Amino acid sequence: MHQHASPLSIALAAAGLLTLAQVPSVWAQSAIATLPTVEVRASTSPDAQAAEALKNAREELNRRAGATAVIDAQSYTSGRAATAVDALAYAPGVVAQTRHGQDARLSIRGSGIQRSFLMRGIQLYQDGIPLNQTDGAADFQSIDPAALQYIEVWRGANALEYGANGLGGAINFVSPTGLTAPTAALRVQAGSFGQRQAQANLAARGEVVDGFLSVSRGEQDGWREQSGYRADRLSGNVGLRLSDTLELRGFLSYVDSTMQMPGSISLAAMNANPRQAGTNYAALKATNDYTQKRAALRLTWQPSADVRWTTSLYGADRDRYHAMTVGILQQDMQDTGLDSRVAVEFGTAALTRRLVAGVSFARLDGEERRNANVAGSPGAATGRTQLDGRQNTVYAEYTHGLNERWALQAGVQSVQARRRLDNLMNPAASYDVKFNGTSPKLGVLYTASPQSQWFANISGSFEAAPFGEVAYNATNPLARAQGATTVELGWRGRTDQWTWDAALYRSNVRRELLAMTNASGVALGTVNADRTIHQGLELSATGTLAPGWVLRGQYLYNDFRFDGDAVYGNKRLAGVPPHLLRAELQWQAAPWIKVAPSLDWQPSRTWIDHANTVAADGFALLNLTLSGTLRGGWGWFVEGRNLTDRRYAATTAVQANARGLDGAYYFPGDGRSVYVGVTWRTP
C-alpha cells in the first residue's frame, strides 16, 4: 500500500494498448446510448461517427419520461478541463463544487448532502460499466475529463432503466473509441498555483478491430497550503467485430493519484488568511493517495435494429492511503461485477413498444487498517476490519405508445444488498446487515412537436448505506436504507437556435442518512432522519442570440428541509445553496478568436448546520475565457477565473448543530487564477 507504479510499468502498459490500437476495426457505440447500425463502416470519418454517436445519445435519452441531459466534451475542453467540476459545471440539475485540488462535491437533488468524503447517491458509470464501489461510494480521481467524448446525466429515478437506484440518479462518462477519435491528439496546459497538465490520445481503426489510448499527467502545487495534487492516468479500449451482429470491447484503465488535504478552516481564519491549511493538516501531512487498476469486457449482440443485448464483466482493484488528522486509513478494495441488459423494440414508427430488462451483480471484498498518524506515517494500530459488500439488482421498464404523441412508461426495480464488516480488533463492533427494496416508476411522455417534449413521472428510489455510513454505535441502531418517492414535471426541446431543459420535482424522503444530534445536542453520528423534503427547480438553456453570439446558462433552486422533525422541526437541510446561477456569453468573432465572459453566482447564504445557526455567505465570481482554432488542427485557450479575486467559501463541511459558533467549517475557494492551453489534433 502507498506505492506508486514506476514509469516503466506505465510505459509497458501503454505499449501493450498501443499495439492493440494499431489493429484495424469498425463499429462505435456508447453502452447506454443507441448502438450504431451494422451498416457503419471504417470509411466513415471519426468526426462523422462522433457526431452520430452524440446525436444517438441525445435521441436515446429523449425517450425517457424524465429529466436527462447529454454534455458534449467540446463544451468544456475549450478551457481548463482538469477536474470533474470543470466538466459538469453547466450540466442541468448538477451541483458541482470544488473543495480543493481535484476533490469535488457532487450532488443532484440533494443526494449525499452531508458527505465530506467520497460521494453517495449518484451511480457513476464509464462507458456504461459501473465506476462506484459496490456499496455505492465513489470518487472522481479516476475520471479524466479531457479524455471523454460526452457525458450522459440522468437525474433522480430516471436512471432506473439502467439499474441505478440512488436519489441523485446516474452519470455516464463515455470514452472515445478508435472509430470516433482522431488518429492523434495532444493537449498541454499550465497556469496559476503551479498547475501543469499534458495529455496524448492515439486511435486506430480498420474493418475488424479499433483501438483508443489516452495517457495524461496533471499536477498542481495548490492555492492553499497542503493542497497540491498529482494524477497519472492511462485508459484505453479495443473493439473487436466478431460478426455483423456481435461486438466485443475491452476496457483498461490505470490511475495513480496523490492529493494533499488542506482541510476546512474557521471563518475568522479564512478572513485572516484563506490560503492556510487547517490545524495540523500540514504537520500531519494529510493526504488522500489513490491507485486504481480497472478492466472490463463488454459483449454486445444486435441481431437486428430492434434487439440489443449487452453484457459486461468488470473488476477493479483500489488501494488508498488516507492520512487524516485523526489517524491514517489504509484500504485494499476489490470490486467485481456482471451486468446484463436487453432492449427489445416491437412497435411501429408511430406506436412505440419497448421493453428493457436487466440484472446486475456486484461484490466488494476489502480490508481497512487504521493507525495513529505520526507526522504522516502509520503509528500504533487502532483498527482493522474486513469488508464484504454485495448488491444484486433486477429491473425492467416498458414503454407503450398510445399514439404518435403520447407514451406511457412503467418500470420496477428490486435491490438486495448486504454490508458485512468483521472488526478484527473489536469483534463486538462487527455487523452483518441486509437491505431489500423495490422501487416502482410510472411516467408519461408527450411529444408536442418534433422540437419539444413534456414529461411527468412518479417514482421510488432505494439506497442502501455504504460502509462509511453503516457505523456501529452502542446506543443507536445501525442506519437503515434510505428511500424516497419523487414527483417530477418537465419540458425540454431543441431548435436550430435554442436548446432548453426545465424540471420541477419534489421528493418525500424517508430515513435520509444525515449526521444528527438528539434533543440534548449530543452527536449521534450518521443516523436516519425521520422525514425530509427535497424539492426544487432545474433550468438550463443554450441559444444563439445573433450570428456569432451564444448564451448559455443554468439555474437551480434547491429547497431541502426537515418535515416536522422532533429536533429540527421544518428547518432547512445544510450543505447545498438555495440558489445557484451560472451563465456564459460567447462571441465568436472569427474562427481563431472566441471571447466568453461568465458568471458564477450564489446569491444567498448556505446553511452550514442542520439547526440553521451558522451560514456561509453567497458570492459572485467573474471569469473570462479566450479561445480559438488555427490551421493544421491547432487550438488555444486562455482562461481567467475569479478575476476580482473574491474571498469566498467554495463549499462547507456540514454540521448537525454549530450552536451559532464559528468553527472549522469553510473550504476557501481559489483566488484569482489564469490558465493557458494549446491543443492539436490530426484532421
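The values are calculated or read from the model by the stated rules, or taken from the named source; none is laboratory data. Only a predicted model underlies this, so the values are computations on that prediction, with no experimental measurement involved. Quick reminder, even Gly has a Cβ in these numbers, built from the backbone with ideal geometry, and neighbours come from all protein chains shown. We work out accessible area using only protein heavy atoms, side chains counted, and drop any ligands, DNA or RNA first. Shrake-Rupley method; radii C 1.70, N 1.55, O 1.52, S 1.80 Å.
Rolling a 1.4 angstrom probe over the protein chains, ignoring ligands and nucleic acids, what is the accessible area of W587 in square angstrom, nearest 10?
Counting only protein heavy atoms, the figure is 110 Å².
What does the charge count around A611 come to, taking other residues whose C-beta lies under 13 Å from its C-beta (Lys +1, Arg +1, Asp -1, Glu -1)? Display every interim value, and only then the final one.
Values: positive: R561, K571, R572, R659; negative: D565, D609.
Once all neighbours under 13 Å are counted, the net charge is +2.
Using +1 at the C-beta of Lys and Arg and -1 at the C-beta of Asp and Glu, which of S507, L202, F455 has the Cα lying farthest in the positive direction of the dipole of the chain?
Towards the positive end, the residue furthest out is S507.
Work out the length of the dipole vector of the stretch 523-645 about its Cα centre, built from +1 on the beta-carbon of each Lys and Arg and -1 on the beta-carbon of each Asp and Glu, and round it to the nearest 20 debye. Could the numbers behind the result be given before it?
Details: 10 positive and 11 negative charges, 75 e Å.
Value, rounded to 20: 360 debye.
Between D47 and N436, take the C-beta separation as r, use R0 = 45 Å, and let me know the FRET efficiency to the nearest 0.05.
So the FRET efficiency works out to roughly 0.40.
Per residue of the stretch 374-379, what does 6.51 cos²θ - 1.76 cosθ + 1.60 with θ = phi - 60° give for ³J(HN,Hα)? Whole Hz please, x for Gly and Pro, Karplus curve as stated.
Ordered by residue, 3J(HN,Hα) equals 10, 6, x, 10, x, x Hz.
Using a 1.4 Å probe over the heavy atoms of the protein chains, calculate the carbon and sulfur portion of the accessible area of the stretch 278-321 as a whole percent. Walk me through the numbers before you get to the answer.
On the way: 1140 of 1830 Å².
That share works out to 62 percent.
Would you mind computing, in nm to one decimal, how far apart the modelled labels at L186 and T325 are, each placed 7 Å from Cα along Cα→Cβ?
4.4
Relative contact order, percent, of the chain when contacts are C-alpha pairs under 8 Å separated by at least 6 residues?
After rounding, I find 11 percent.
In whole Å, what is the distance between the alpha-carbon centres of the stretch 280-334 and the stretch 447-511?
With the stretch 280-334 and the stretch 447-511 each reduced to a Cα centre, they are spaced 25 Å.
Using a 1.4 angstrom probe, figure out how much accessible area the chain has per residue, in square angstrom, rounded to the nearest whole. Spell out each step's value before the answer.
Numbers: 26210 Å² over 683 residues.
Roughly 38 Å² per residue, with all protein chains present.
Once you order the gyration tensor axes a ≥ b ≥ c over the Cα atoms, which shape class does the stretch 69-199 get: rounded for a/c under 1.5, otherwise prolate or oblate by comparing a/b with b/c?
oblate
Based on the mean of other beta carbon atoms within 10 Å per residue, what is the order of 277-285, 216-224, 152-160, most packed first?
For the peptides 277-285, 216-224, 152-160, the packing ranking is 152-160, 216-224, 277-285.
For K441, go through the lysines and keep the ones whose alpha-carbon is under 27 Å away, minus same-chain ones fewer than eight residues off.
Counting by Cα, and skipping residues close in sequence, K441 has these lysines nearby: K55.
Local charge sum around S507 (other residues, Cβ-Cβ under 14 Å, Lys/Arg +1, Asp/Glu -1)?
+2
Using a 1.4 angstrom probe on heavy atoms only, work out the carbon and sulfur share of the accessible area of the stretch 448-513 in %.
Carbon with sulfur: 59 percent of the solvent-accessible area.
Mind ordering 659-668, 97-106 by average Cβ neighbours within 10 Å, highest first?
So the peptides 659-668, 97-106, ranked by packing, come out 97-106, 659-668.
Ignoring ligands, DNA and RNA, please state the percent of accessible area on the stretch 551-630 from carbon and sulfur, probe 1.4 Å.
For the stretch 551-630, the apolar C and S fraction of the accessible surface comes to 61 percent.
Can you give the FRET efficiency for V208 and D332, using 1/(1 + (r/R0)^6), R0 = 45 Å, r = Cβ-Cβ distance, to the nearest 0.05?
E(calc), rounded to 0.05, equals 0.70.
Where Lys and Arg each count +1 and Asp and Glu each count -1, what net charge lies around E584 among other residues with Cβ under 12 Å from its Cβ?
+1
If we sort 336-348, 65-77, 185-197 on the protection proxy, mean other Cβ atoms within 10 Å, highest first, what's the order? Let's see the in-between values first.
Numbers: 336-348: 16.2, 65-77: 21.8, 185-197: 17.9.
Descending packing order for the listed peptides: 65-77, 185-197, 336-348.
From the square roots a ≥ b ≥ c of the eigenvalues of the alpha-carbon gyration tensor of the stretch 264-328, which class results: rounded (a/c under 1.5), prolate (a/b over b/c), or oblate?
prolate
Over what distance in Å are the Cα centres of the stretch 44-68 and the stretch 382-410 separated?
Here the answer is 22 Å between Cα centres.
Compute the distribution of all C-alpha to C-alpha distances in the chain, in bins of 10 Å from 0, and list the percent of pairs in each, rounded to whole numbers.
Going out from 0 Å in 10 Å bins, the chain shows 3, 15, 27, 29, 19, 6, 1, 0 percent.
Using +1 at the Cβ of each Lys and Arg and -1 at the Cβ of each Asp and Glu in the chain, identify which of T311, M333, P578 lies farthest towards the dipole's positive end.
Of the candidates, P578 comes out farthest on the positive side.
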